[in-house]
Amino acid sequence: TEAPVKIAVTGAAGQICYSLLFRIASGSLLGDRPIELRLLEITPALKALEGVVMELDDCAFPNLAGIEIGDDPNKVFDGVNLAMLVGAMPRKAGMERSDLLSANGAIFTAQGKALNAVAADDVKVLITGNPANTNALIASKNAPDIPAERFNALTRLDHNRALSQLAAKTGVAVSDISHMTIWGNHSATQYPDLFNARIGDRSAAEVVDDQAWIEGTFIPKVAKRGAEIIEARGLSSAASAANATVEHMRDWVLGTPEGDWVSMSVPSDGSYGVPEGIISSFPCTVTDGKYEIVQGLEINDFSRARIDASVAELVEERNAVTELGLI
Ligand code: NDP
């Protein structure tokens, strides 16, 4: 029998994980391959996590070979092949950006070091917890023995939001849209690109033919969708964030669909003028578990300015965590 794939998930008693763990365990991630869950939480959340584990048990998922929980990343990450880092410190009222970066810095330096020490050689690490791109950079820099390209951050939810908004505007099915790209940071500066996106074989921007809608409605709607959901639900998006986390990791492991790409935040190799090393969102394809940044796309002046602005924010975040001594 096949050895189970060991999957670490952090923030396991939180909202996102209340969807995510059940999706992973039911096979949305790796189909019917046996898996073992390694769940990390902070000490005060372990009791709640025990409740989540009881519910996982009660689903009797046939491919869930085992579950371990704990508050020590050096134990929980032991031998893991995949790590989904969801737990992070949310921004609280009155918190300065530097407070947020240092609080998360403490979490992601420790987790990077632990992964470096005990994860499996083939480990792939996906960061969902915000500020996701910079948290990924911190974890990666603290894991010098793990190749940098094994640290990704999540922009797939933004990607999916862009697909859904474009489908609604044009009246086509989501499945008629391809080649969507989110560029830059998972933040309000992100840039969803309709010029390279396609509806059938036409440019989506051409089909929409409404630059005012792109600038004034589409881009802000995608970037601020999280706030809209908090307003309506009283809680931040969780099921959709879990879905995107599963889709990113699934595509990274099993490959992207033929003839299309997805948005992944990956360490820049300098493509499209994005400074090397920062973890920024790009159009990516995956084959045999390795992603590649799609090359040669045309970037018009409008796109260029938007990408540059978001990338500038990532550079600022990198400079801030460098000054804090986190990387
Ligand atoms: P959620 O499960 O709702 O969110 C977890 C993280 O995901 C947050 O940083 C959140 O960012 C981020 N996130 C939410 N939506 C998106 C999105 N669309 N794209 C990318 N990221 C997104 O938070 P909870 O407070 O319910 O749960 C967090 C859990 O993490 C708690 O149980 C806490 O104890 C735990 N935790 C565990 C740690 C550990 O394992 N060592 C460390 C720190 C916390 P945002 O805040 O911006 O919404």
Quick one: in the range 91-128, of everything that is farther than 20 Å from residue 245 by Cβ and polar (S, T, N, Q), which residue is nearest to the chain's Cα centre (by Cα)?
109
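Assess whether residue 63 counts as being surrounded by fewer than 16 Cβ atoms within 10 Å (Cβ to Cβ) and either modelled with pLDDT of 95 or more or among the hydrophobic types (A, V, I, L, M, F, W, C) (or both).
Numbers: surrounded by fewer than 16 Cβ atoms within 10 Å (Cβ to Cβ): no; either modelled with pLDDT of 95 or more or among the hydrophobic types (A, V, I, L, M, F, W, C) (or both): yes.
Criteria not met by residue 63.
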Considering only the range 269-283, state which residues are without any contact (Cβ under 8 Å) to a residue 24 or more places away in the chain and small (Gly, Ala, Ser).
270
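Restricting to the range 1-18, name every residue that is under 23 Å from residue 132 (Cα atoms) and more than 9 Å from the ligand (Cβ to nearest atom). Before you say what the answer is, go through the steps one by one.
So in the range 1-18, the residues under 23 Å from residue 132 (Cα atoms) come out as 6-18.
Matches in the range 1-18: 6, 7, 8.
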So the check is Cβ under 6 Å with 6+ separation or different chains; which pairs have a first residue in the range 149-166 that's modelled with pLDDT of 95 or more and a second one that's among the charged types (D, E, K, R)?
150/124; 156/247; 161/225; 165/221
Exception for residue 97 within (1) within 15 Å of the ligand (Cβ to nearest atom); (2) of a type in the set (D, E, K, R); (3) more than 21 Å from residue 278 (Cβ to Cβ) falls at (3)
Out of (1) under 27 Å from residue 301 (Cβ atoms); (2) at pLDDT 95 or above; (3) assigned to a loop (DSSP other than H, G, I, E, B), what's the single condition that is false for residue 218?
(3)
Could you check the range 1-107 for helices (runs of 4 or more DSSP H) lying wholly inside it with 3 or more residues that are out of contact with any His (no Cβ under 9 Å at 6 or more places or on another chain) and within 23 Å of residue 151 (Cα to Cα)?
15-26, 73-76
Given (1) within 13 Å of the ligand (Cβ to nearest atom); (2) surrounded by fewer than 24 Cβ atoms within 10 Å (Cβ to Cβ), residue 156 misses just (2)
Subset of the range 231-244 (residues that are surrounded by 12 or more Cβ atoms within 10 Å (Cβ to Cβ) and either touching a Phe, Trp or Tyr at 6+ places or on another chain (Cβ under 8 Å) or assigned to a helix (DSSP H, G or I) (or both)):
238, 239, 240, 241, 242, 243, 244
Among the residues of the range 284-327, the number that are touching a strand residue (DSSP E or B) at 6+ places or on another chain (Cβ under 7 Å), without any contact (Cβ under 8 Å) to a residue 40 or more places away in the chain and over 15 Å from residue 265 (Cα atoms) is 0
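Residues in the range 198-213: is at least one assigned by TED's automatic domain parsing to the domain that holds residue 283, in a helix (DSSP H, G or I) and hydroxyl-bearing (Ser, Thr, Tyr)? Give the derivation first.
Let us first name the residues in the range 198-213 that are assigned by TED's automatic domain parsing to the domain that holds residue 283, namely 198-213.
Pick out the ones that are also in a helix (DSSP H, G or I) and you get 204-208, 211-213.
Within this subset, residues satisfying the condition of being hydroxyl-bearing (Ser, Thr, Tyr) are none.
Among the residues of the range 198-213, not one is assigned by TED's automatic domain parsing to the domain that holds residue 283, in a helix (DSSP H, G or I) and hydroxyl-bearing (Ser, Thr, Tyr), which makes the answer no.
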Could you pull out the residue among 249, 264 that is hydrophobic (A, V, I, L, M, F, W, C) and in a strand (DSSP E or B)?
264
Return the total of residues in the range 70-90 being under 18 Å from the mean Cα position of the chain (by Cα) and either within 18 Å of residue 45 (Cα to Cα) or of a type in the set (Lys, Arg) (or both).
7
From 160, 135, grab the single residue that is assigned to a helix (DSSP H, G or I) and in the same structural domain as residue 236 (by TED's automatic domain parsing).
160
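The values are calculated or read from the model by the stated rules, or taken from the named source; none is laboratory data. Computed from a prediction, not measured in an experiment: that's the story for all the values here. Methodologically, a virtual Cβ is constructed for each residue, glycine included, from the backbone with ideal geometry; neighbour enumeration extends over all protein chains shown.
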